[in-house]
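Values in this text are rule-based calculations from the coordinates and carry no lab data. Since this is a predicted model, take the numbers as computed values, not measurements. In this analysis, Cβ positions are derived from the backbone assuming ideal geometry, glycine residues included, and neighbour counts consider all displayed protein chains.
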Amino acid sequence: MNYFRQFLIDWIVSDDQPFVVVEGEKFRRLLRLLNTNVKPLSADTIRNDIISSFKEEKIKIQEILQVFFSKIFNKLYRSKII
């Protein structure tokens, strides 16, 4: 995923925008004003990007929590609390 799409996803999620915002004519005109070579995105594409990004972040959080809880368990086990 390129930098623009990631930024767009961040904006949509953080500002609670509807996915269809990318299909609005004014939004598309704004993008064409900034970059005449921009390819329009659909709400379905944005939705899929957001779900994919969510799944990636979920895996990262699960890995961090797994390491964290493993360290806690090991410390508790070594201190014979468990």
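Taking a ≥ b ≥ c as the square roots of the eigenvalues of the Cα gyration tensor, the chain is prolate, since a/c reaches 1.5 or more and a/b is larger than b/c. Note on F69/T36: beta-carbon distance plugged into 1/(1 + (r/R0)^6) with R0 of 41 Å gives a FRET efficiency of 0.20. For K75, a cut-off of 30 angstrom between C-alpha atoms picks up these lysines, skipping any fewer than 8 places away in its own chain: K58, K60. Estimated from helices alone, the mean residue ellipticity of the chain at 222 nm is -24000 deg cm²/dmol (sum of -39500 (n - 2.57) over DSSP H runs with n ≥ 4, per residue). Under the membrane-span-like helix rule (DSSP H runs whose alpha carbons stretch at least 20 Å along the helix axis, mean Kyte-Doolittle hydropathy -1.0 or higher), the chain yields 43-78. What is the calculated FRET efficiency for F54 to R28, with r their C-beta to C-beta distance and R₀ = 25 Å, to the nearest 0.05? That gives a FRET efficiency of 0.50.
A straight Cα-to-Cα reach below 24 Å connects K80 with the lysines K71, residues fewer than 8 places away in its own chain not being considered.
The trypsin sites (Lys or Arg not before Pro) of the chain meeting both criteria, a DSSP state outside H, G, I, E and B (loop) and at most 13 other C-beta atoms within 10 angstrom of the site's C-beta, are K80.
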